[in-house]
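For reference, the structure is listed below as structure tokens.
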Amino acid sequence: MRRGVSLILFFVFLSCGKAEYITPADISSVISSEKTVIIDLRNEKKFADGHIKGAINAEYHEATFLRDIKNIDKERTVILYCGEGIKSDKAADIMKKEGFRNIKILSGGYARWLSEGFYGEK
């Protein structure tokens, strides 16, 4: 019995903070209802060319990513996006290990954001 409880707790722990995928249309409702941080994982040049309004730039790069997210409150909702959604899963895994609990990923990344008629800010 004790082993079964331990196993259940282990799986509950693993699922805690699991990233949720959201669509571009979902972002406005998340932002308006919660204290949210939007993180653009692309490089500085792509960020400067256009990004989601209010986003901060924390390029997903091994040498700098942890440094760039260290001052973000781990209790806040975080929305991650990159160009097409490939790096976001990796960044979410790192953030989960760092203690972030409410992570959302923009499905399809910035490319989907633009293709669905949303605009970037420069």
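What follows is calculated from the coordinates using simple rules that are stated; it is not laboratory data. Keep in mind that what you see is a predicted model, and the values were worked out from it rather than measured. Here Cβ is always computed from backbone atoms with ideal geometry, including for glycine, and neighbour counts include all displayed protein chains.
The table below gives the values:
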quantity: Between the range 87-118 and the range 37-75, the Cα center-to-center distance that results, in Å; calculated: 11 Å
quantity: Cβ-based exposure ranking for SER28, SER88, in which fewest neighbours within 10 Å come first; calculated: SER28, SER88
